[in-house]
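Take a look at the structure set out below.
Derivation of every value follows stated rules applied to the coordinates shown; laboratory data play no part. Note that this is a predicted model, so its numbers are computed, not measured. All Cβ positions, glycine included, derive from the backbone under ideal geometry; neighbour counts span all protein chains shown.
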Amino acid sequence: MVGVPNKRLRYFLLARRKRADKQAEDGEQEGLYSERGVVQTEWPLHWPSEECGHSGDEAVAVDPISTFLDSEVDPSTAVPEKWIRKTFKFNFDVVSPHSTRSTTFTKAYGSHHIYGSGSLFVPNDIAGAPAAEPHYINDADELLSLHPRFFSPTEVARLHSFPESLSFPDNVSAAQWYRLLGNSLNCKLVGELMKKLFQ
């Protein structure tokens, strides 16, 4: 998760063509790049300041959701009760301020297509809910009692590691923000992969 509490499982393929002068220096024939190719099946990046004796999600310190929230809550992000009650498959992923994970945000996030489009946020921590593990609620009344809301577009942008300077024209609606941000790759992750590719 590269220190960001948002999970989007993806496979990345990086390829770099060797320069002709470097090829000649190594005595290689043109076009035989795959003979010396390397396939890495583990995370190839290393942050010395975050090194610890664990692997997986514990390998990098992850900031809680609270550090990605807007200072003021936009009332329009509240999830309408009718959207919750009419959902056919009722099983929502819910996160709170101390959670250290959230699911992928799709382009349908923030709309009435709420099932499977991304995590819902509740303002108070849920008793017994682990910070780093999925927590699902499958009862409408229980969920409504927690006052769920959508992450705002700027909060979704932060969870994708876009810079604070990211902005859209005033005539771009919140729904359009969500569609533009949905399914985005994490900028921090892509940056680290690019550094790995060109080092």
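Things worth noting here:
- Full-stretch length increase - Glu164, Leu185 - with 0.36 nm per residue and alpha-carbon distance subtracted: 5.9 nm
- Taking a ≥ b ≥ c as the square roots of the Cα gyration tensor eigenvalues, the stretch 116-199 comes out oblate, since a/c reaches at least 1.5 and a/b does not exceed b/c.
- Computed from the alpha carbon positions, the gyration tensor of the stretch 65-188 leads to an equivalent ellipsoid with semi-axes of 23, 17, 13 Å, biggest first.
- Amide H contacts of Asn6 (H built 1.01 Å from N, in plane; Pro and chain starts excluded): Ser102 sit under 5 Å, all sequence-distant by 5 or more or on other chains.
- Simple spin-label estimate for Phe198 and Ala127 in nanometres, 7 Å along Cα-Cβ: 5.3 nm
- Within the straight-line cut-off of under 26 Å between alpha carbons, the lysines reachable from Lys188 are Lys7, Lys18, Lys107, Lys196, sequence neighbours fewer than 8 places apart in one chain being disregarded.
- The stretch 65-188: relative contact order as a whole-number percent, Cα under 8 Å and 6+ apart: 31 percent
- With 0.36 nm allotted per residue and the present C-alpha distance subtracted, the Leu144-Arg85 stretch has 20.3 nm of extension available.
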